[in-house]
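The values are calculated or read from the model by the stated rules, or taken from the named source; none is laboratory data. What you see is a predicted model, and the numbers here were worked out from it, not measured in a lab. Glycine gets a Cβ as well: all are built from the backbone with ideal geometry, and neighbour counts include every protein chain shown.
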Number of protein chains: 2
Amino acid sequence: MKISFQGEPGAYSEQAAFDYFGSVETVPCESFESVFDSVVSGKSDAALIPIENSLAGSIHQNYDLLLRHDLHIVGEYFLRVRHCLIANPGVKMKDVKKAISHPQALGQCAGYLRSRGVKAEQAYDTAGSVKMLKESGARDAAAIASKRAAEIYGMEILEEGIEDNPENYTRFLAVQKEPVVPKGEAKTSIVFTLKNVPGALFKALSVFALRDLDLTKIESRPLQGKPWEYLFYIDFVGSMHDETSRRALDHLGEYALTLRTLGSYPRFKG
Amino acid sequence: MKISFQGEPGAYSEQAAFDYFGSVETVPCESFESVFDSVVSGKSDAALIPIENSLAGSIHQNYDLLLRHDLHIVGEYFLRVRHCLIANPGVKMKDVKKAISHPQALGQCAGYLRSRGVKAEQAYDTAGSVKMLKESGARDAAAIASKRAAEIYGMEILEEGIEDNPENYTRFLAVQKEPVVPKGEAKTSIVFTLKNVPGALFKALSVFALRDLDLTKIESRPLQGKPWEYLFYIDFVGSMHDETSRRALDHLGEYALTLRTLGSYPRFKG
């Protein structure tokens, strides 16, 4: 099986892909857009995309890409993110003046960097910043990335677990062309639009509340070309193949202008 | 009056500050964090911060900063964003290989740049990228920023209105130390947390729906240290000094674990 992920080898997304899919061939992609494209074109069988981090919030671009592509969510995975400060061999902590990484990783270590007087510099990828650092040979800089990225590129770990908050998890979604019918406890992800009238969202949420269906996430994104109107993404516990969830979705269809089910999939068990 | 904004002179935020406050002294700040700090410390009297763009969505960092600072929202303003492609004098469109700007501006012109075969390069600010371009004297690059930024730095506009979607508006909030009591139609912004139980958000929205109060925005942000629990930000039409809104907020207080009113302020009239 070929699994696409965004980033360089050693990216957290690649680690999550191995954890979730097991022994697979991973396909590194430069952007989230190319991750989706690679699955659509058949270059890979599935992809694992980060959708939300417990500290930084949603990865909104991937919400937008789910909407623009005809793929199905078939699974979810939660990765505990443990950032390392990584440098060229022999570099000492006191030499490090700047830290290079993806903006989200920099944000998650902002307190640590401030306390050490280290400046943050943005790069497009965590593992990619380790690769860049190795190529440049810089001795006044470090990268923030996974332990695995340090190992792949033969670099040294100056400090491990430098994230400000240990409750640092990223939720990933597995997407592919064909939907699955989950067995056991499931979650369902949907996206819908509503009339722009008072009480519209309240009515939409009623279809879940009236059936005791548990919402685990609600996200709003701007509706393109209609300023201050929104798309709503909701995840709830249940499968569209269950009677109760099916009725809730039918009921939501009465209020929604548009409604799409992005997938029902097994709920992740830690 | 001194008004803080994020960015260099010529930034869209500075334009919005002049439009909203009139003839004031503007205080450029490098980060949103320093914008908030400048008001708290008394270095400026108020600030104008972007909170949402009609195409790109919310500026989540400013939601987080509103929570961390004890300032009041006292007004809102909607700016029509019109991006220009700006270059050093004499540079021709065919010479431009890359465009430098803030990631959000680059995103809003992504289609335009793709169609012209121009590569995007991220910078920390729109007007700042014009300044950088002038200093470098580069003749193979252009910046994306406001018309005013081109004028301030004596640069040439190659093309105006290059945003992919003309429905491009940014909503700004005016914040200061003292709250206001709005006259006429008002909006109120609140932030709250809920018990993590099924139906909690539905109950919270009921306090508005049952009173026909119109929600204009709902945004969720991660609750730090409690993975997959959320803070909810809501804007609704009404003032906390009105009987109906006051009762809705009292009612919400019955369900909410925490509830803070960020401000009631005059609703913007286009």
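Annotations for the structure displayed:
- Among the residues making up the stretch B:152-192, those that are part of a loop (DSSP other than H, G, I, E, B) and within 14 Å of another protein chain (Cβ to nearest Cβ) are B:Glu163, B:Asp164, B:Asn165, B:Pro166, B:Glu167, B:Asn168.
- Restricting attention to the stretch B:80-104, the residues being part of a strand (DSSP E or B) and surrounded by fewer than 20 Cβ atoms within 10 Å (Cβ to Cβ) number 2.
- The residues of the stretch A:44-67 that are charged (D, E, K, R) and either buried (at least 21 other Cβ atoms within 10 Å of the Cβ) or within 13 Å of another protein chain (Cβ to nearest Cβ) (or both), listed by number, are A:Glu52, A:Asp64.
- Residue, surrounded by the most Cβ atoms within 10 Å (Cβ to Cβ), within the stretch A:193-207, restricted to residues that are at the interface with chain B (Cβ under 9 Å from one of its Cβ atoms) and within 12 Å of B:Leu205 (Cβ to Cβ): A:Leu205
- So B:Asp19, is it touching a strand residue (DSSP E or B) at 6+ places or on another chain (Cβ under 9 Å), farther than 24 Å from B:Ala143 by Cβ, not assigned by TED's automatic domain parsing to the domain that holds B:Leu262 and not aliphatic (A, V, I, L, M): no
- Among residues of the stretch A:22-58, those that are free of Cβ contacts under 8 Å to residues at least 12 places away in the same chain and in contact with a strand residue (DSSP E or B) (Cβ under 7 Å, 6 or more places away or on another chain), counted: 1
- B:Lys98 vs. criteria charged (D, E, K, R) and farther than 26 Å from B:Gln61 by Cα: yes
- Near pairs, Cβ below 9 angstrom, 6+ apart or cross-chain, from the stretch A:149-166 (closer than 15 Å to A:Gln104 by Cβ) to any residue that is among the basic types (Lys, Arg) and outside any helix (DSSP H, G or I): A:Ile162/A:Arg82; A:Glu163/A:Arg82
- Only listed residue being within 14 Å of chain A (Cβ to nearest Cβ) and among the aromatic types (Phe, Trp, Tyr), chosen from B:Phe21, B:Phe32: B:Phe32
- Evaluation of A:Tyr77 against (1) in a helix (DSSP H, G or I); (2) touching a Phe, Trp or Tyr at 6+ places or on another chain (Cβ under 6 Å) (one fails), failing number: (1)
- Filtered residue count, the stretch A:208-221, keeping only those that are out of contact with any strand residue (DSSP E or B) (no Cβ under 8 Å at 6 or more places or on another chain) and either more than 7 Å from chain B (Cβ to nearest Cβ) or within 14 Å of B:Ala204 (Cβ to Cβ) (or both): 3
- Qualifying residue in the stretch B:59-66 (condition: modelled with pLDDT of 95 or more, touching a strand residue (DSSP E or B) at 6+ places or on another chain (Cβ under 9 Å) and among the β-branched types (Val, Ile, Thr)): no
- Restricting A:Asp250, A:Asp212 to those that are of a type in the set (D, E, K, R), closer than 23 Å to B:Leu210 by Cβ and at pLDDT 95 or above reduces the list to A:Asp212.
- Check on A:Asn165, loosely packed, with under 15 Cβ neighbours inside 10 Å, of a type outside the set (D, E, K, R) and closer than 25 Å to A:Phe232 by Cβ: no
- Condition check for A:Leu133: closer than 17 Å to A:Glu151 by Cβ and either modelled with pLDDT of 95 or more or loosely packed, with under 14 Cβ neighbours inside 10 Å (or both): yes
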